Amino acid sequence: MIKRFIRRVLGLPAHAPQRVPRARHALRREALSSSALKVCDVLRDAGYSASVVGGAVRDLLLDIAPKDYDVATDARPEQVKPLFRRALLIGRRFRLVHVMLGPETVEVSTFRAADAGTTDKDEHGRVLRDNVFGSQEEDARRRDFTVNALYFDPATEEIIDYHGGLADLRRHVLRMIGDPETRYREDPVRMLRAVRLAAKLGLTIESGTRAPIRRLAPLIEHVPPARVFDEMLKLLLSGHASACVRQLREEGLSKGVLPLLDVILEQPLGERFVTLALAQTDERVRTERSVSPAFLFAALLWHEVLAAWKTRQAKGERPVTALEAAMDSVLDAQFEKLALTRKLTATMREVWAMQPRFEQRGGQRPMRLLEAPRFRMGYDFLALRAASGEVSAELEAWWRAFQQADADSRRAMLLPDTGPRKKRRRRRRRKDPGVEVPEQA
Ligand code: ATP
Ligand code: MG
């Protein structure tokens, strides 16, 4: 028991590496993608070892279709590349080879070690550089969770398991390899990975692996924003975004990644809106329909924009100016944390700026809005607002019918552009062409 504890703290294998023969597990080489199989076979024929490792082995054992395949080998990147017709060396610091076979890309990496003597760390223990080649055993030790450190050798159909990953997988447990606190300090993104993988795979985070997260959550702030953004995107597009966001909040991680999320989720309408947006995203991912990250981030931050917009209008700012300023302030606050790209924020702005235009159903305006480049996304956003009770269901139904109608019916649907309320609107519009305050906002 004590011996096992010491081994775990030192990050050493909990048991001797287990070579699990094909008779004792269900994974067969035919289950791999033909490209992954090909890459392993070619490497082996050239005299190197090659096994599939990480997420693909884990997912296949859980009967989930892997997103992509990683192959680990003892061949150096420059030995791997010439073996394939279409292969790219990528990464400056630590080079990997991307082998492209048909539409698939297989990532081939050379066994790596996390050598204590040569690793650079920042003052919080975050690893800044680890670029030493190593053995398969060392490669296993630098991986994050036991279930992510299983190697499947297609030639023998053996699974090589250094850290008891197979047993954890059978018990549906997500367990950090080594001392969880040290491993989170080395790379705080592992906290986000724990939450995402547990939700995606239906695993329970083992208590020792879970315990330090709340305390160490603020370390996320020291991670380069682009990495946080990548991980957030993976999380939101995992098909389990609702569960992940709930868990992020429970673990106190939401403050580091979406500082405004907690605020939004505490407003009743905001919570309903975000919950619906996430549920809808999960549904789309699971039915393999496309999801736009811009739409998703626009949804996550909408109530923040709405609140800022209202405050500014209450101070007497004109609607258009107030909305512009509200969008700026919200995006500025998120920009540094999330490294949202310019392209993404441009689309988010388009979707937001379109919302007040849906309130105008007279004259030529609806026709013009219909032709806006992101009309469909803007309308989907309106539908979400209606579903959450922020705008009327009648408004959404009108726009749904208007889109589907032919030209004559559209003309008939337009609301009269007269009447006392309209006059007031027209006056306001003259000052502020294009945008008007939505009634409910
Ligand atoms: P998925 O592909 O479903 O998102 P994954 O576990 O395959 O999950 P990848 O980012 O593809 O995630 O990483 C492949 C493998 O690399 C992991 O299974 C794990 O062994 C290792 N790995 C990835 N990120 C880390 C990390 N931050 N720390 C240690 N090991 C990691
Ligand atoms: Mg993967």
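The values are calculated or read from the model by the stated rules, or taken from the named source; none is laboratory data. Remember, it's a predicted structure, so these values are computed and weren't measured experimentally. Only protein heavy atoms, including side chains, enter the accessible area calculation; ligands, DNA and RNA are left aside. Shrake-Rupley method; radii C 1.70, N 1.55, O 1.52, S 1.80 Å.
Solvent-accessible area of the chain (1.4 angstrom probe, protein heavy atoms only): carbon and sulfur portion equals 51 percent.
What do you reckon, how do R24, R385 stack up by accessible area (1.4 Å probe), largest on top?
Final ranking, largest accessible area leading: R24, R385.
Mean residue ellipticity, 222 nm, helices only, the chain: the sum of -39500 (n - 2.57) across DSSP H runs of n ≥ 4, divided by residue count and rounded to 500, is -15000 deg cm²/dmol. Between 0 and 90 degrees, the angle of helix 268-286 with respect to the longest Cα principal axis of the chain falls at about 50 degrees.
Each Cα pair under 8 Å and six or more residues apart adds its separation to the average, and for the chain the resulting relative contact order is 11 percent.
Surface analysis of region 283-413 yields an accessible area of 46 Å² per residue, using protein heavy atoms and a 1.4 Å probe.
For region 172-257, the solvent-accessible area of protein heavy atoms averages 36 Å² per residue (probe radius 1.4 Å; ligands and nucleic acids excluded). Scanning residues 5 or more positions from E158 or on other chains, those with amide H under 5 Å from its amide H are D153, with H placed 1.01 Å from N in the peptide plane.
Here region 309-356 and region 69-106 have alpha carbon centers that stand 42 Å from each other. Only aspartates and glutamates eight or more places from K38 in sequence, or on another chain, were considered; those with a Cα closer than 16 Å are E30, D68, D70, E104, E107, D153, E157. Annotation: F375 carries an accessible surface of approximately 20 Å², with a 1.4 Å probe and no ligand, DNA or RNA atoms counted. Rg and Dmax of region 86-229, both derived from C-alpha coordinates alone, stand at 16.1, 46 Å.
Sorted by accessible area (1.4 Å probe), largest first, how do T209, T105 line up?
Sorted descending by solvent-accessible area, the residues read T105, T209.
Per residue, region 15-166 exposes 47 Å² of solvent-accessible protein surface, assessed with a 1.4 angstrom probe and all protein chains in place. Note on H163: accessible area approximately 10 square angstrom, rounded to 10, probe 1.4 Å, nucleic acids and ligands left out. Compute the long axis of helix 342-354 from its Cα atoms, compare it with the longest principal axis of the Cα atoms of the chain, and write down the angle in degrees, 0 to 90, nearest 10. Rounded to the nearest ten degrees, it is 30.
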